[in-house]
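The values are calculated or read from the model by the stated rules, or taken from the named source; none is laboratory data. Quick caveat, the model's predicted, so the values are computed rather than measured. Methodologically, a virtual Cβ is constructed for each residue, glycine included, from the backbone with ideal geometry; neighbour enumeration extends over all protein chains shown. Please note that ligands, DNA and RNA were not included when accessible areas were found on the heavy atoms of the full protein model with its side chains. Shrake-Rupley method; radii C 1.70, N 1.55, O 1.52, S 1.80 Å.
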Amino acid sequence: MNLEDLAKRVRQACLEAIIQAYEDAGIQGLCAEGRWEVAVDALRTVDLTAVLREFQQSSTEHARNE
């Protein structure tokens, strides 16, 4: 995985988190402003550990193969 792939995966993880939070807040009956606040909070707490771990693993494997 290169840096461009990492950036795409981070962006995708953030988008998934924010969309899910916005939709969930709407189901709970929050207004548009409340939904936005929930979505922003979700973005602040996105756990990117798995994405970063995969990047690190890929980088290590790539270095071994060179």
Among Ala17, Ala42, Ala50: highest mean-square fluctuation, GNM of the chain, C-alpha pairs under 10 Å: Ala50
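In µm²/s, what is D for the chain at 10 °C and 1.306 mPa s, where D = kT/(6 pi eta Rh) by Stokes-Einstein and Rh is the Kirkwood radius from Cα pairs? Don't skip to the end; give the middle numbers.
Details: Rh = 13.3 Å.
Value of D from the Cα-based Kirkwood radius: 120 µm²/s.
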Net lengthening on full extension, Val10/Leu52 (0.36 nm per residue, minus Cα-Cα): 14.3 nm
Carbon/sulfur fraction of accessible area - the chain, other protein chains in place, 1.4 Å, %: 52
Listed residue (Gly34, Thr60, Val46) projecting farthest to the positive dipole end of the chain, Cβ model: Thr60
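Just the accessible area per residue of the chain, please: how many Å² with a 1.4 Å probe? Kindly include the intermediate steps, with their values, before the conclusion.
Values: 5130 Å² over 66 residues.
It amounts to 78 Å² per residue over the chain.
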